[in-house]
Amino acid sequence: MKLQRLVLETFRNHEQTIVDCSSGVNLFLGDNGEGKTNILEGISYLCLSKSFYAANDTVVMNVNKNGFVVTGSFVSDGNIFYEARVTFDKLQNQKTVTVNKAKVDKASSLIGQFPVVILSPEQSSITIGSPLDRRRFVDFVVSQSSRTYLESLIDYRRILKQRNKILSDILFSHKENNAVIEPWNENLVRVGTALVKKRIEFIEDFQTIVIDSYATLAGTTERPGIFYLPSFKCAASDKETVETNFRHALEDHYQEERHVGYSLVGPHRDEFIFKINKLDARSFASQGQHKTFLIALKLAEFFYLKEQCNETPILLLDDVLSEMDGRRSQRLLETTAKLGQTFITSTDERALNWVPVVSSNPRKFFVKQGNIDRVEDAAFIR
Ligand SMILES: Nc1ncnc2c1ncn2[C@@H]1O[C@H](COP(=O)(O)OP(=O)(O)OP(=O)(O)O)[C@@H](O)[C@H]1O
Ligand SMILES: [Mg+2]
């Protein structure tokens, strides 16, 4: 997938910004606070119908306006053209997503159509942060490649909320009502089992790609591993066994759940453990190893999505060069340029020289106060 043109209207500090994109590397340079990340955020609206970090629509809209429009013209690997458009109207509190002028009924339906891989400073929480951060990462990758998984996830959240409400009612009223909770147990087991099964399959596939990606970045002396630890013991990965084990775990935890007032087992409590040379990365990895692990995960995400979606994902790299030396930065840019279309932000003007010549038609832009200027290559030969 390639984004050919991006238009941001009253989006963050961009009054009206038009980017005619290269199909290779697009570099956005500028000082702090000029509006570089906002451009990547606009692309994330087109691919995910939301910001890639937890900003909501009212925050993203220009503070002096009552809405925003983000438009993108895409061309797929198979040469099909799409125009995606996300608009937000503050007065109606309404977000509308269209693809080729047809309204997309649920914003989530957009996910996976324009696959995207994002590497930004916030993402370091994937290896450093809590189990929730790793679950989010896995859910994000799998959801982009499987609509069924995304739908199950949405369904599961709804069921969990309802079941927690019942448990909390039991806690505060001290009145038990098995007839009320039973159907929700069954729903939780049914939808939760689908999630657990997919997570088992995903980690099996993904783990091999991560090992390969890590080896290209750091050689083979360090061996990464990723492991899935469901919140309950699974004796095997077939549907019946997972369902039975899940049901037993619910029975075992029921008394405890009544006392805390929320659900203690299920995919929302699963863990994913990332290791380097058999040691838990979260506790033992050095800063450099965390960074390498994260980039390896992102490369693996790219290859996984490319295979599953049958479409080359777009890469968004926000501020990733800042802690790297020139050699590493250049190597990272060379690697990503070979993968697909890349959008990268940097405050470092040296990056102008790091954009690989091999990249097909690289484009460089200066961002200043929400405006962009294309930098003609000839003007920057030093
Ligand atoms: N809703 C909004 N309306 C108008 N301006 C906004 C809005 N949200 C953020 N801004 C402005 O956008 C700018 C930040 O943009 P952005 O995060 O893209 O900067 P950046 O170029 O990536 O900077 P850095 O190099 O520090 O990461 C700030 O000047 C901020 O005031
Ligand atoms: Mg930024």
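Please treat every number below as a calculation from the coordinates, not as lab data. Quick caveat: nothing in here was measured; it's all calculated off a predicted structure. Please note: Cβ atoms are built from the backbone with ideal geometry, for glycine as well, and neighbour counts cover all protein chains shown.
What to note about this one:
- Annotation: the antiparallel percentage among DSSP beta bridges lying fully within the chain is about 75.
- 0 to 90° range, to nearest 10: angle between helix 36-48 axis and the chain longest Cα axis: 50
- Over all other residues within a Cβ to Cβ distance under 15 Å of Lys198, the charged ones net out to -3, with Lys and Arg as +1 and Asp and Glu as -1.
- Straight-line cross-link partners of Lys165 among the lysines, defined as a Cα under 30 Å from its Cα and at least 8 positions apart when in the same chain: Lys50, Lys95, Lys106, Lys175, Lys197, Lys198, Lys233, Lys239.
- Shape category assigned to segment 236-278 from the gyration tensor of Cα positions, a/c cut at 1.5: oblate
- Scanning residues 5 or more positions from Phe28 or on other chains, those with amide H under 5 Å from its amide H are Ile344, Thr345, Ser346, Phe365, with H placed 1.01 Å from N in the peptide plane.
- Cα shape, segment 1-157, gyration tensor, a/c 1.5 rule: rounded
- Loop GluC sites (Glu not before Pro), segment 264-348 (other Cβ atoms within 10 Å of the site Cβ: 12 or fewer; DSSP): Glu323
- Selection of trypsin sites (Lys or Arg not before Pro), segment 76-163, meeting DSSP coil and at most 10 other Cβ within 10 Å: Lys101
- Filter on Lys2/Lys306; Lys2/Lys364; Lys338/Lys368; Lys103/Lys161; Lys2/Lys298 - keep pairs with C-alpha separation over 20 Å: Lys338/Lys368; Lys103/Lys161
- Only DSSP H runs of four or more residues enter the estimate; each adds -39500 (n - 2.57), and after division by the residues of the chain the mean residue ellipticity at 222 nm equals -15000 deg cm²/dmol.
- Cα gyration tensor category, rounded, prolate or oblate, for segment 44-122 with a/c compared to 1.5: oblate
- Stokes-Einstein diffusion coefficient of the chain, Kirkwood radius over Cα pairs, 25 °C, 0.890 mPa s, in µm²/s: 109
- Local electrostatic count, Asp325, Cβ distance below 15 Å [Lys/Arg +1, Asp/Glu -1]: +2
- Charged side chains reduced to their Cβ positions (Lys and Arg at +1, Asp and Glu at -1) give the chain a dipole of some 280 debye around its Cα centre.
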